There are 2 protein chains.
Amino acid sequence: MVKRTDPYIPGEQVNDPTVLKLNTNENPYPPSPKVLTAIRQEAEGKLQLYPSPTADDLRETIASYFQLDKEEVFVGNGSDEVLAFSFMAFFEPGEKIRYPEITYSFYPVYAKLFDIPFEEIPLEEDFSLSVEQYFGAEGGVILPNPNAPTSLYITIEQIEKIVQNNPEKVVIIDEAYIDFASTSAVTLIPKYENLLVIQTTSKSRSLAGLRVGYALGNRSLIDALIRIKDSMNSYTIDRLALAGAKAAFEDVDYFERMTAKIISTREKVKERMAQLDFEVLPSEANFIFVTHPIYSAQFLYEELKREGVLVRYFNADLIDNHLRITIGTEEEMERFLDTIGKIIRIT
Amino acid sequence: MVKRTDPYIPGEQVNDPTVLKLNTNENPYPPSPKVLTAIRQEAEGKLQLYPSPTADDLRETIASYFQLDKEEVFVGNGSDEVLAFSFMAFFEPGEKIRYPEITYSFYPVYAKLFDIPFEEIPLEEDFSLSVEQYFGAEGGVILPNPNAPTSLYITIEQIEKIVQNNPEKVVIIDEAYIDFASTSAVTLIPKYENLLVIQTTSKSRSLAGLRVGYALGNRSLIDALIRIKDSMNSYTIDRLALAGAKAAFEDVDYFERMTAKIISTREKVKERMAQLDFEVLPSEANFIFVTHPIYSAQFLYEELKREGVLVRYFNADLIDNHLRITIGTEEEMERFLDTIGKIIRIT
C-alpha cells in the first residue's frame, strides 16, 4: 500500500521553551490535577501487564458523560486512529465519499491509502458550507464541525439534514473542536443509525500528549470499529492513557472552567484582531482563522516565526492568504497580539 | 473492510489478583524503577502538548542499543501495530506470502484484512521448521523466532538462508521472545536489504502495559513503515510511553538481570514438568509448550482454571492437546507446579 501513501504533515513540533506555539491547536492549560494522580497510581506495579483490550472502564466513563451505553462508545489511540479505522470500516473502494474542499487534510490521505474515491465539495466564498451538497452521497460523508482550519460551525439542525439525506450511508461528524462551540451532534445518535460522532481528548481535555480519541454511535457502527481494531491491534491504548483519560472525563468542573477560559480569551482576541484590521472568521473552535487586507499570510507567518511565535500557515489553494492561530492563555495571547501589532506597524 | 475481518482473540485478561495469570506471556517482574521515574517526570506539565511525531529520542536510544542508525529504527504502538503496518507496507494482494501453519494467530487476521493471499507451511511432527520451504516465496515471508506458541528457536544461520533465498521479497522475523533465546537476527541487517526484524518492549522489558514495539531494518524498509504510519496517525506513541520505553532501554543491567532470572526459572520448570511426565518442547521463550501422555490439555486447562491458575489453551488443529504456560516468578511457578501436581495425582 506504500505506493498509495501521500502522508499527512502535522504542524511543526518544537522543543524550544521560548517559542510561543500557537500552531497545533493544543490546549494551553495542563490537564486536571486528578489526571496526574490517576497516572501516578496506575504506573505503580502494573506496567508489565497488558491493558484491558476492551477498555471497558474508560468506555463506561465516556458513555455515562454522554448518557449513552458503553456499547455506543469506541476508544482509540487518538482521534486520527479512530478516523483511520472509520475509513476502513465504513467507506468502500468504488463508492465516492464527500467532504469539504477545505477541511482536515488527513481525509484525502486516508482515502488514498484505502483506495476510496472522493469528491471534495467546494465551500462558499465566505468558507460556509451548504448542506444540500452532501445529500445522497454515494459512499458516505465526513465533515468536521467546527470545520478546520476555517473554525466555522454548522448547526445541529443542518447536521441532522445531512444525516437524514444519506439514510443508507454513514455520516461521520468529526467534532475535535466541538467543546468550544455550541451543541454536539451526539444528541442525534439515538435517532439515527447512520451517524458516527468522533471526538478527542487532545483539545478541550488537554491530553494531546496521551493520545485518546473516541467515536460515539449506534452499536452496529461501534461493533464494526471494534472488529477493525481487533484485526489491527488488540491493545491500542496503554494503561496510563486509559487511566488519565478516565480521570479527565470525571473532572467535569475543571474541564468546563478551562473551556470557558479559552472561549473567553478567543472572543477578546477576535476583537483585538479586528482592531488591527484583520478579517476574523466567526470561530467556534480553540483557534481563529484570519486574513489581513494588506499583509500576506505568508509574510506574517514568517515575521511571527522570526519573533518566536509559531502559527499555522497552509501553502494550499484558497487558504494561502489565511493564518490559523491557536488560542493560548491570556498572557500568551497578549504576547502574540503585541508581536503581530509591532510587525504590522513597523513594516 | 469489515467483511474481511476475522479478529484476533487475545488471552483472557482478568483483574482478580488471586488468579495466577500464566496465559499471556507477560513478564512477572515490574519494569526498571527508572521507567517509573521517567514517566513521573514526563507527566509533569507536558501532557497538553502532542508527543514527537517522529519519536527521534526513543529511536536514537534503541538504535544505539543495537548499534544501528536512528533511520534503521521504526517505533509503533506495540509490535502488533508494527506488524499490521508491515503487512500494509511490504505484502501485496495477489502475491502469496508464507508463514508456519502453527504460529502467531494474528498473521492470518492481517492477511485477510488487507486481502493478502497466504500459504500456511506445515511444521514437522515435532513442530520444527524446515527452512527450505520458505525459499522463493511469491509475496514474502513472516516468521516468529522463537515461534509461538511452540517456543522453538531456529538459528541465525537458518534465518540467513531464508533471507538469502528471497532476495526480491521482504522477510519479516518477529522476535517478540528473542531476549529469552540465543542470537537475534539484528546482526544480519547491515548485510540484507530485505530483512525486517520486529521486537517488543512487552515481554523482556516488562512494558506490556505501555504498548511500544519496534522494527529494525534497512532505511528504505523503515521509510516505508513511516509512510504508512504517517498516513494512519501522526502520533502513535504517547509522551509517557516514549519516556518509559527509553528509560527501559537505558537500564541494560536491570533488563539483563530480569531476563536471566526468567531463563533460570524456565529451565527449572522444564525439569520439574518432565518429572511429572510432561513432554516439554525445548523452549527458548518466556513460556513453555507442553503436553501430557495421559491428561488432555483441555482437562488440565480447566482444572487449573478452577484452581485459580490461568494458562493458554488453543482449541485449534494440531495443538489442541498442548498448553502454553508463561514463566512467572519462582514463587508463582512453585504454586503452578504444586497445583498441576495435585491435579495429576488426585485425578
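The values are calculated or read from the model by the stated rules, or taken from the named source; none is laboratory data. Since we're looking at a predicted model, the values are computed, not measured. Backbone-built Cβ (ideal geometry, glycine too); neighbour counts: all protein chains shown.
Being in contact (Cβ under 8 Å) with a residue 60 or more places away in the chain and not assigned by TED's automatic domain parsing to the domain that holds B:Leu152: is that true of B:Val311 here? Considered against the rule, which asks whether it is in contact (Cβ under 8 Å) with a residue 60 or more places away in the chain and not assigned by TED's automatic domain parsing to the domain that holds B:Leu152, B:Val311 comes out as yes.
The sole residue among B:Glu138, B:Glu119, B:Glu132 that is farther than 26 Å from B:Ile62 by Cα and in a loop (DSSP other than H, G, I, E, B) is B:Glu138.
Only a single item in (1) assigned to a loop (DSSP other than H, G, I, E, B); (2) among the small types (Gly, Ala, Ser); (3) within 13 Å of another protein chain (Cβ to nearest Cβ); (4) over 30 Å from B:Gly213 (Cβ atoms) is not met by A:Ser283, and it is number (3). Does B:Ala55 count as hydrophobic (A, V, I, L, M, F, W, C) and touching a Lys or Arg at 6+ places or on another chain (Cβ under 9 Å)? No. Across region A:122-159, the number of residues qualifying as surrounded by fewer than 22 Cβ atoms within 10 Å (Cβ to Cβ), touching a helix residue (DSSP H, G or I) at 6+ places or on another chain (Cβ under 6 Å) and not β-branched (Val, Ile, Thr) comes to 1.
In region B:262-286, the residues that are on the phi < 0 side of the Ramachandran plot and at pLDDT 95 or above reach residues that are part of a strand (DSSP E or B) and of a type in the set (Ser, Thr, Tyr) with C-beta atoms within less than 9 angstrom, at least six apart or across chains, in these pairs: B:Phe278/B:Thr291; B:Glu279/B:Thr291; B:Val280/B:Thr291; B:Leu281/B:Thr291; B:Asn286/B:Thr326. In region B:218-231, the residue that is farthest from A:Glu42 (Cα to Cα) out of those that are part of a helix (DSSP H, G or I) and at the interface with chain A (Cβ under 7 Å from one of its Cβ atoms) is B:Ala224. Taken together, B:Val163, B:Val171 contain a single residue that is under 15 Å from B:Phe91 (Cα atoms) and at pLDDT 95 or above, which is B:Val171.
Among the polar types (S, T, N, Q), at pLDDT 95 or above and under 20 Å from A:Ile154 (Cα atoms), is that true of A:Ser296? When the stated conditions are applied, A:Ser296 does not pass them. Regarding region A:91-114, can at least one residue be identified that is aromatic (Phe, Trp, Tyr), facing chain B (nearest Cβ under 9 Å) and in a helix (DSSP H, G or I)? Among the residues of region A:91-114, at least one is aromatic (Phe, Trp, Tyr), facing chain B (nearest Cβ under 9 Å) and in a helix (DSSP H, G or I), which makes the answer yes.
Please work out which one of (1) within 9 Å of chain A (Cβ to nearest Cβ); (2) assigned to a loop (DSSP other than H, G, I, E, B); (3) under 23 Å from the mean Cα position of the chain (by Cα) is the condition B:Glu81 fails and give its number. With (1) within 9 Å of chain A (Cβ to nearest Cβ); (2) assigned to a loop (DSSP other than H, G, I, E, B); (3) under 23 Å from the mean Cα position of the chain (by Cα) applied to B:Glu81, the lone miss is (2). Residues that are touching a Phe, Trp or Tyr at 6+ places or on another chain (Cβ under 7 Å) and not hydrophobic (A, V, I, L, M, F, W, C) do occur in region A:57-72, at least one of them. Being at pLDDT below 95 and in the same structural domain as B:Gln48 (by TED's automatic domain parsing), is that true of even one residue in region B:237-260? Scanning region B:237-260, I find no residue that is at pLDDT below 95 and in the same structural domain as B:Gln48 (by TED's automatic domain parsing), so the answer is no. Kindly indicate whether B:Glu256 is closer than 21 Å to B:Ala176 by Cα and either in a loop (DSSP other than H, G, I, E, B) or free of Cβ contacts under 8 Å to residues at least 60 places away in the same chain (or both). When the stated conditions are applied, B:Glu256 passes them.
Taking the conditions (1) surrounded by fewer than 23 Cβ atoms within 10 Å (Cβ to Cβ); (2) assigned to a loop (DSSP other than H, G, I, E, B) in turn, A:Thr61 satisfies each one other than (2). Can B:Ala248 be described as within 13 Å of another protein chain (Cβ to nearest Cβ), among the aliphatic types (A, V, I, L, M), touching a helix residue (DSSP H, G or I) at 6+ places or on another chain (Cβ under 6 Å) and in a helix (DSSP H, G or I)? In short, yes. For A:Val311, the requirement of being surrounded by 23 or more Cβ atoms within 10 Å (Cβ to Cβ) and either of a type outside the set (A, V, I, L, M) or under 22 Å from the mean Cα position of the chain (by Cα) (or both) is met. Among the residues making up region A:149-179, those that are more than 30 Å from A:Asp253 (Cβ to Cβ), of a type in the set (A, V, I, L, M) and in a helix (DSSP H, G or I) are A:Ile162, A:Val163.
Of everything listed in (1) surrounded by fewer than 21 Cβ atoms within 10 Å (Cβ to Cβ); (2) at positive phi, the single unmet condition for B:Arg211 is (1). I need the full set of residues from region A:39-62 which are in contact (Cβ under 8 Å) with a residue 24 or more places away in the chain, within 10 Å of chain B (Cβ to nearest Cβ) and of a type in the set (Gly, Ala, Ser), in order please. Within region A:39-62, A:Ala43, A:Ser52 qualify.
Out of curiosity, is A:Ala285 over 18 Å from A:Glu330 (Cα atoms) and of a type in the set (A, V, I, L, M)? No. Has region A:79-93 got any residue that is surrounded by fewer than 23 Cβ atoms within 10 Å (Cβ to Cβ) and in contact (Cβ under 8 Å) with a residue 24 or more places away in the chain? Yes: region A:79-93 contains one or more residues that are surrounded by fewer than 23 Cβ atoms within 10 Å (Cβ to Cβ) and in contact (Cβ under 8 Å) with a residue 24 or more places away in the chain.
Residue by residue, here is whether (1) of a type in the set (Ser, Thr, Tyr); (2) within 20 Å of the chain's Cα centre (by Cα) holds:
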position	(1), (2)
B:Thr265	yes, yes
B:Met273	no, no
B:Ser283	yes, yes
B:Phe289	no, yes
B:Leu300	no, no
B:Asn321	no, no
B:Glu332	no, no
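The rows are residues; the columns are (1) part of a strand (DSSP E or B); (2) surrounded by fewer than 24 Cβ atoms within 10 Å (Cβ to Cβ); (3) charged (D, E, K, R); (4) within 14 Å of chain A (Cβ to nearest Cβ).
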position: B:Thr187; (1), (2), (3), (4): no, yes, no, no
position: B:Pro190; (1), (2), (3), (4): no, yes, no, no
position: B:Ser202; (1), (2), (3), (4): no, no, no, yes
position: B:Leu216; (1), (2), (3), (4): yes, no, no, no
position: B:Asn233; (1), (2), (3), (4): no, no, no, yes
position: B:Leu240; (1), (2), (3), (4): no, no, no, yes
position: B:Gly244; (1), (2), (3), (4): no, no, no, yes
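Residues of region A:13-37 that are in a helix (DSSP H, G or I) and crowded, with 18+ Cβ neighbours inside 10 Å: A:Val35, A:Leu36. Within region B:254-273, can one find any residue that is out of contact with any helix residue (DSSP H, G or I) (no Cβ under 9 Å at 6 or more places or on another chain), crowded, with 16+ Cβ neighbours inside 10 Å and more than 24 Å from B:Gly78 (Cβ to Cβ)? Scanning region B:254-273 turns up at least one residue that is out of contact with any helix residue (DSSP H, G or I) (no Cβ under 9 Å at 6 or more places or on another chain), crowded, with 16+ Cβ neighbours inside 10 Å and more than 24 Å from B:Gly78 (Cβ to Cβ).
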